[in-house]
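This report refers to the structure that appears directly beneath it.
No lab work stands behind these numbers, since they all come straight from the coordinates. Note that the coordinates shown come from a computational prediction; the quantities given were computed from them, not determined experimentally. When we count neighbours, we look across all protein chains shown, and the Cβ atoms used for this are built from the backbone with ideal geometry, even at glycine.
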Amino acid sequence: MRVVHYLNQFFGGLGGEEQAGMLLEIREGAIGPGKRLEQLLGSETQVALTLICGDNYAVEHQDELIASALEKIRAAGADLFIAGPCFLAGRYGLAAGALCKAAQSQLEIPAITAMARENPGADLYRESLYIIDSGESAAKMGEVLARMACFARKVSFNQEIGSPAEDGYIPRGLIRDQFVEKTAAERLVDMVIAKAKGQPLESEMVPATFERIPMPPRVKDLKRAKLMLVTDGGLVPKGNPDKIQGAAATRWGSYSIKDCDDLKGEHYEISHGGYDPQFVRQDPDRLVPLDVVRELEKEGMIGKLCDEFISTSGLANPLSNTRRMGREIADKAKRLGIDAIILTST
Amino acid sequence: MVSGNRVVLGNGIVQVVGDANASPEEEKKLRRRLVEKALETLSKDSE
């Protein structure tokens, strides 16, 4: 079996933070942690290539990195792609996740990585990938590599993958059919009794988990701030040009309010199946407060209002979807140099 | 996690920053109050 392994500049032995801007470099054979990984994978397996890239370059030029990495992985005839382990290194985790996802979907070879649950790459890619839970400490390198190798063999030989707890990967949110001895009612009663007796029990429902998101710093000077209005109340121009769905929306739209001081009901409609839209239909300022924000802009209370407002429909939407749209909207706001956002939510 | 002091309570689900029962002047005042509160919240450090 031929493996291509990805490392950042630090684990690749090419330097610390001062080398974070380094472009993708290719080395024949295994490097650093890859050497141990190769041994653990067994004598039939060879790390054919090691790809090494600087952390900053990897996240700032992700598309270029993916394109050149895929070319190398393909040319190397890899059967398996492994990235990391990344532990808590955020940029490393983001790059590892993006590369694994690309290798898996575009080259159709198995790809695995390892990182801490708190790594931003874990939240972003855990649903698409098997990410071995590495914990935070790089001192556990040996143990993590052993678990990665063990898992890599399972994946490569199409062996059945166990639950996250059994196989040590970060839960992907997958639901799998399983034959069991007892009916749901019996299992439920067993759990209730166990709970009443103070005995341990394992719920079959895994509640959605929300990672803590640090609050952005305050806006230092509102009078110079560029403000953007965003809503999840489904306000769209008549005809709904982006076809934003009224429930479980997969899209969002950005609509011009340039030279407009007041939103008029006749120009808009509501694509949202979760609330009575009659009031907003009469006067869309009841959802997107353009009229008063324009006043505040003229009075100099805020610097400038963005020429577009952003809208989607926030109803019955899976987290994976809303997280993606949130990231896309945040990217757009960043590109436009927005300092503050008021998001009105129905 | 939905928490923290960057959440301003609006005037209900169907008209977050509006009030169809109020006069247009009153309604606009309410909307302005809510937006000003949001701006004030944005300019404070979170707790």
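A simple charge model with +1 on the Cβ of Lys and Arg, -1 on the Cβ of Asp and Glu and nothing else charged puts the dipole of region A:26-154 at about 340 debye relative to its Cα centre. Between A:ILE213 and A:GLU160, the contour length at 0.36 nm per residue exceeds the alpha carbon distance by 15.6 nm. In whole angstrom, region A:210-321 maps to an equivalent ellipsoid with semi-axes of 25, 21, 11, each derived as √(5λ) from the alpha carbon gyration tensor and ordered largest first.
Using all pairs of distinct alpha-carbon atoms, the Kirkwood hydrodynamic radius of region A:157-283 works out to 21.0 angstrom.
Over all distinct Cα-Cα pairs of chain A, the Kirkwood formula returns a hydrodynamic radius of 23.3 Å. Take the Cα of B:ARG6, go 7 Å toward its beta carbon, and the backbone nitrogen atoms of region A:317-335 under 17 Å from that spot belong to A:323-335.
Can you tell me the convex hull volume per residue for region A:1-115, based on C-alpha atoms, in Å³ to the nearest whole number?
Expressed per residue, the convex hull around the Cα atoms of region A:1-115 is 81 Å³.
For region A:86-147, the fraction of C-alpha pairs more than 20 angstrom apart is 20%. Taking Cα atoms only, the orientation of helix A:319-335 departs from the longest principal axis of chain A by about 70 degrees. Specify the angular offset, from 0 to 90 degrees and rounded to the nearest 10, of the alpha carbon long axis of helix B:24-42 from the longest principal axis of the alpha carbons in chain B. Approximately 10 degrees, to the nearest ten. Inter-part distance, region A:180-250 to region A:305-346, computed on C-alpha centroids, equals 16 Å.
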